[in-house]
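The values are calculated or read from the model by the stated rules, or taken from the named source; none is laboratory data. Given the structure is predicted, the values throughout are model-derived calculations rather than measurements. Cβ coordinates were reconstructed from backbone atoms using ideal geometry, including for glycine residues, and neighbour counts include every protein chain displayed.
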Amino acid sequence: MSSTSSTGSTGSATSSTTTLITNIASLVTNDPSLGDGSPLGLIQDAAVVIDGDRIAWTGDSRKAPATDNRVDAGGRAVIPGFVDSHSHLVFAGDRTQEFNARMSGRAYSAGGIRTTVAATRAASDAELERNLTHYLAEALRQGTTTFETKSGYGLTVEDEARSLRIAAAHTDEVTYLGAHIVSPDHADDPAAYVALVTGEMLDACAPYARWIDVFCEKGAFDGDQARAILTAGRAKGLHPRIHANQLSYGPGVQLAVELDAASADHCTHLTDADVDALASGATVATLLPGAEFSTRAEWPDARRLVDAGVTVALSTDCNPGSSFTSSVPFCIALAVRDMGMTPDEAAWSATAGGAAALRREDVGRLAPGAYADLAFLDAPSHVHLAYRPGVPLVREVWRRGTRV
Ligand SMILES: [Zn+2]
């Protein structure tokens, strides 16, 4: 086994050591050229070889090459680490009372996102970072090895920029969402806020972000404003993604496809033309069932999208208001139970689908060259993620070739 050192392995201390993980009952590779030829590229009685922080070999355990170290998976399933391509984790405070009132059928007149904006502005950098790393650690324990996170609770130049600076210290997948809602400071003049988001705020935020996002919805930003915001971001080197068609029908999804956004997120209210647009372009439809669960809203129709040939990702939307879960397995179970996905499709969407929504090929699959990001399940197959909802099946997580 060659042990050439890998690149980009700053997080790994073992870049020239090879490790065999064997006695894997069922391995999801997400590489159709491996295993059974399905999109999941399933291999039974499988083994994986890790070289430094990358996968070097995947296949039948009886054909595995010699390595420096050997790990026995104990007949468990192994899957790629989850790729959670949509979260909002730079925030302070919580919205327990709002959730309790909503789920108790009581009216609640607090400010929704504005509540979190006020708490976030009042928090120190250290408090925001502590909160972020707390939820990132929680997600990692549940198998999430790649995560995207957004700003959007600062809504001033300084608070958006510091939110992104803090996020960028913990992930490469950082999204500028100054256009989450119109800032309360500009409630009387939304146009002035759009000018700020596309001007001074964008200049301050662009150095820390890879992506730009906008909440395109009645009461937030309309199609023309969303277009202006995403286009301005693109001119500064940020790539578009969009919150689209969550609460109502609207222009967001078709705008996403037109602008080649990496992802249109939510996609709960779609016309046939919206579905056709997604099927014809490279934009991934990212479904976030934690939001529908936590607001008792109508489910997005994953079956309709998959049948139309749309690439679907599943993510948590983890945020303190509308979806306070960091659990991708929970989202998989919801997608299978209530959105018409098969267990295979949901597992694919939460790993390879999330990678597609971030335009990444080095995560979300366990094939040679990909990062060695994987999760051992206390179960013989990935189907158990939906079959055993609410059970903490993720027993062990490896990230960049290291057990965490
Ligand atoms: Zn969101």
**Complete:** When the range 179-195 is checked residue by residue, the ones that are touching a Lys or Arg at 6+ places or on another chain (Cβ under 9 Å) and within 24 Å of residue 357 (Cα to Cα) are 180, 181
**Request:** Kindly indicate whether any position in the range 124-146 is without any contact (Cβ under 8 Å) to a residue 12 or more places away in the chain, assigned by TED's automatic domain parsing to the domain that holds residue 323 and more than 30 Å from residue 400 (Cα to Cα).
**Result:** yes
**Message:** Criterion first (assigned to a loop (DSSP other than H, G, I, E, B), free of Cβ contacts under 8 Å to residues at least 40 places away in the same chain and surrounded by fewer than 24 Cβ atoms within 10 Å (Cβ to Cβ)) does residue 101 satisfy it?
**Reply:** no
**Request:** Those residues that are away from the ligand (no atom under 16 Å from the Cβ) and among the polar types (S, T, N, Q), I need them from the range 284-312; list them, please.
**Result:** 311
**Prompt:** What are the residues in the range 230-246 that are without any contact (Cβ under 8 Å) to a residue 40 or more places away in the chain and either in contact with a Lys or Arg (Cβ under 8 Å, 6 or more places away or on another chain) or surrounded by fewer than 24 Cβ atoms within 10 Å (Cβ to Cβ) (or both), if any?
**Reply:** 231, 232, 234, 235, 236, 237, 240
**Request:** Six or more apart or on different chains, Cβ under 7 Å: which pairs go from a residue in the range 160-176 that's more than 14 Å from residue 211 (Cα to Cα) to one that's among the polar types (S, T, N, Q) and part of a helix (DSSP H, G or I)? Could you list them?
**Result:** 170/133
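Can we say residue 323 is polar (S, T, N, Q) and either in the same structural domain as residue 39 (by TED's automatic domain parsing) or within 16 Å of the ligand (Cβ to nearest atom) (or both)?
In short, yes.
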**Message:** Out of everything in the range 260-283 that is within 15 Å of the ligand (Cβ to nearest atom) and not acidic (Asp, Glu), what residue ends up being farthest from residue 149 (Cα to Cα)?
**Reply:** 268
**Asked** Between residues in the range 78-96 that are β-branched (Val, Ile, Thr) and residues that are within 16 Å of the ligand (Cβ to nearest atom) and in a loop (DSSP other than H, G, I, E, B), which pairs lie under 7 Å by C-beta distance while being six or more apart or on different chains?
**Response** 83/358; 90/151; 90/153
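Results for (1) surrounded by fewer than 23 Cβ atoms within 10 Å (Cβ to Cβ); (2) farther than 28 Å from residue 352 by Cα; (3) within 16 Å of the ligand (Cβ to nearest atom), shown as yes or no for each residue.
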position: 90; (1), (2), (3): no, no, yes
position: 126; (1), (2), (3): yes, yes, no
position: 133; (1), (2), (3): yes, no, no
position: 177; (1), (2), (3): no, no, yes
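The rows are residues; the columns are (1) surrounded by fewer than 23 Cβ atoms within 10 Å (Cβ to Cβ); (2) touching a Ser or Thr at 6+ places or on another chain (Cβ under 8 Å); (3) aliphatic (A, V, I, L, M).
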| position | (1), (2), (3) |
| --- | --- |
| 293 | yes, yes, no |
| 314 | no, yes, yes |
| 319 | no, yes, no |
| 326 | no, yes, no |
| 329 | no, no, no |
| 333 | yes, no, yes |
| 342 | yes, no, no |
| 345 | yes, no, no |
**Request:** Give 210, 234, 241 a once-over and let me know the one that is under 25 Å from residue 356 (Cβ atoms), modelled with pLDDT of 95 or more, touching a helix residue (DSSP H, G or I) at 6+ places or on another chain (Cβ under 8 Å) and basic (Lys, Arg).
**Result:** 241
**Asked** Can you spot a residue in the range 184-198 that is of a type outside the set (Phe, Trp, Tyr), buried (at least 19 other Cβ atoms within 10 Å of the Cβ) and within 20 Å of the chain's Cα centre (by Cα)?
**Response** no
**Prompt:** Of 156, 149, which residue is out of contact with any Pro (no Cβ under 6 Å at 6 or more places or on another chain) and away from the ligand (no atom under 16 Å from the Cβ)?
**Reply:** 156
**Fill in**
Note on the range 361-404: residues in contact (Cβ under 8 Å) with a residue 40 or more places away in the chain and charged (D, E, K, R) are 365, 373, 378, 395, 399, 400
